[in-house]
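Worksheet: one structure, shown below.
The values are calculated or read from the model by the stated rules, or taken from the named source; none is laboratory data. Everything numeric in this text was worked out from a predicted model, so none of it was measured. Here Cβ is always computed from backbone atoms with ideal geometry, including for glycine, and neighbour counts include all displayed protein chains. Please note that ligands, DNA and RNA were not included when accessible areas were found on the heavy atoms of the full protein model with its side chains. Shrake-Rupley method; radii C 1.70, N 1.55, O 1.52, S 1.80 Å.
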Amino acid sequence: MGKLNVSIMRYLTPEDFRVLTAIEMGMKNHELVPAPMAASIANLQHGGVHKLLRELCKHRLLSYERGKKYDGYRLTNAGYDYLALHSLTKREAVASFGNQIGVGKESNIYIVANLQGEELCLKLHRLGRVCFRKVTEKRDYHKHRKSASWLYLSRISATKEFAYMTALHDRKFPVPKPIDFNRHCVVMELIQGKLLNHVMEVENVDALYDELMNLIVRFADSGVIHGDFNEFNIILTEGEKPVIIDFPQMISTEHANAEFFFNRDVNCVREFFKKRFSYKSELYPKFSDIERSDNLDAEVLCSGFTKEMSKHINKELGIDDSENNEDTDEESVDDLCHEEAEEDEKEEFFDACETLDDKKTNTEKNSETNCSNTDTNYSTIDFIVEQMKNNRLPQDDEKSDHSDLQSSDNSYDNFEAGSVRSSATTIHPDEIKRRLKKQIAARERRNQRKKCVAKGEASAVTRTRRENINTIKQNKGIWAYDG
């Protein structure tokens, strides 16, 4: 998880991003993606894919690992960053990349700019660092899942933060304006100011203390608790106005531990003002003083919030939830994230395919040949159906491929006219045509898979057998019988 170097990005071709997307799609249900699968998903020739994989591993965008049972490729953090930046660049949300301005236990912060030259803030979520690996205990990203990769958990964290930030900004909370997000990247407004942790003097300590406490209460009245409301997540602007950042850990006031997190946020502010500014006040909010006035937690599906709670709260606030009743039960932000992620990956994959349409590659030539073969096969199907209508079957070399239309005799010469007529009358010609098309399509898929087999990489099973044979040869004297 080193520093991000985007200088290589300008030299990557559409084929490179196509292979990176193929590895990403394969990692949904594979820990290591084999090269033949990457070639099949990318729909490129196996020789070309093998060269692209080698170059991407050279630039550390992919990692090739050799396990005891199987070998394959894994998408690295840099490769995931490149995919997200490539998508944001195509959307014109990001046009240039700047310096790193912040590092946290869960993220890296960079300065970027759009096409108009306006400076923005880019947050890359980096879950899985050694300093913060108890995500399953501190966050509920896993939900019902037993395990998930750090890349997928980073994607969920970014999606949650963008959803919270959008809802808070719409309600005029002092938060950065969200611009766009993709995978584990969030683009937002760049706030000009200093972290409260770096501020040593304040003109009006009382006013700042009151404003921060009012923000905590305002969050709670809207139905959410920040969960990490401290000096490291508060930016003080030039006019000494606080701006709140970092929202992935936000929870609902209906959470089982909501009171604990609310009191912790209040105590963090009190302790900081006591140590930094020698300011101590006996006035501070309590969890029992909360008066709910909004259903923000229901809108963004906060942690600890259920659909039954949403119905009850909407009824108390007089909000019509008829549209919410039509939704499926137990929807969550991470499930929506997974669906949107699949759609984004498919769109980007097909966009990459469209960029290669102008090039007359060998893959397109093969596809044209396959199409011509398919037309020929379909014309053969029409001919067979016509023969069946006329109570006659063709005698050609394709008999083995249409075994479901033949009898166990495997010869048409012994067929009587009556039996042929009975088979023609019992099976509709459209049904025969559908079956034949299905068989031909299956045969073409099998042939295509054979073409996608990568060469030059020994499988883990073959390597293990070879090692065992060498071990036996080297230790032959131990087992040899000396008569």
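Which of the residues that make up segment 168-182 are within 24 Å of the chain's Cα centre (by Cα) and hydrophobic (A, V, I, L, M, F, W, C)?
Ile179, Phe181
Pairs needed: first member in segment 186-199, under 19 Å from Phe277 (Cα atoms) and at pLDDT below 95; second member anywhere, open to solvent by 80 Å² or more (accessible area, probe 1.4 Å) and part of a helix (DSSP H, G or I); C-beta distance under 7 Å; at least 6 residues apart or different chains.
Within 7 Å, the pairs are Leu195/Phe232; Asn197/Phe232.
If Leu196 meets every condition in (1) within 28 Å of Glu92 (Cα to Cα); (2) surrounded by 14 or more Cβ atoms within 10 Å (Cβ to Cβ) apart from one, which number is that one?
Among (1) within 28 Å of Glu92 (Cα to Cα); (2) surrounded by 14 or more Cβ atoms within 10 Å (Cβ to Cβ), the lone unmet condition for Leu196 is (1).
Do any residues in segment 431-446 that are open to solvent by 60 Å² or more (accessible area, probe 1.4 Å) have Cβ atoms under 6 Å from those of residues that are β-branched (Val, Ile, Thr), where the two are at least six apart or on different chains, and which pairs are they?
Sorted first by the residue in segment 431-446, then by its partner, the pairs are Lys433/Ile381; Lys433/Val385.
Report the residue count in segment 114-147 for those that are at pLDDT 85 or above and surrounded by 16 or more Cβ atoms within 10 Å (Cβ to Cβ).
Selection size over segment 114-147: 8.
So how many residues does segment 16-46 have that are more than 19 Å from Leu153 (Cα to Cα) and polar (S, T, N, Q)?
3
Please tell me if Ala42 is touching a Gly at 6+ places or on another chain (Cβ under 7 Å), without any contact (Cβ under 8 Å) to a residue 40 or more places away in the chain, crowded, with 20+ Cβ neighbours inside 10 Å and among the small types (Gly, Ala, Ser).
no
Could you list, in sequence order, all residues of segment 216-247 that are part of a strand (DSSP E or B), without any contact (Cβ under 8 Å) to a residue 60 or more places away in the chain and either open to solvent by less than 10 Å² (accessible area, probe 1.4 Å) or closer than 16 Å to Glu271 by Cβ (or both)?
Residues satisfying the conditions are Ile225, Ile234.
For every residue, the table says whether it meets (1) of a type in the set (Asp, Glu); (2) in a helix (DSSP H, G or I).
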| site | (1), (2) |
| --- | --- |
| Ile191 | no, no |
| Asp206 | yes, yes |
| Asp210 | yes, yes |
| Asn214 | no, yes |
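Taking Thr76, is it within 17 Å of Arg155 (Cβ to Cβ) and β-branched (Val, Ile, Thr)?
yes
Can you give me the number of residues within segment 167-179 that are under 20 Å from Val94 (Cα atoms), touching a residue at least 60 places away in the same chain (Cβ under 8 Å) and open to solvent by 30 Å² or more (accessible area, probe 1.4 Å)?
Adding up the residues that qualify gives 1.
For segment 40-87, enumerate the residues that are of a type in the set (Val, Ile, Thr) and within 20 Å of Leu127 (Cβ to Cβ).
Thr76
Working carefully through the options Glu282, Glu271, Glu259, find the one that is without any contact (Cβ under 8 Å) to a residue 60 or more places away in the chain and closer than 23 Å to Leu195 by Cα.
Glu271
So in segment 53-112, with the set limited to residues that are of a type in the set (Phe, Trp, Tyr) and outside any strand (DSSP E or B), which one is most open to solvent (accessible area, probe 1.4 Å)?
By that ranking, first place goes to Tyr70.
I'm trying to understand the selection: among the residues of segment 149-162, which are more than 30 Å from Arg270 (Cβ to Cβ) and touching a helix residue (DSSP H, G or I) at 6+ places or on another chain (Cβ under 9 Å)?
Within segment 149-162, Trp150, Leu151, Tyr152, Leu153, Ser154, Arg155, Ile156, Ala158, Thr159 meet the criteria.
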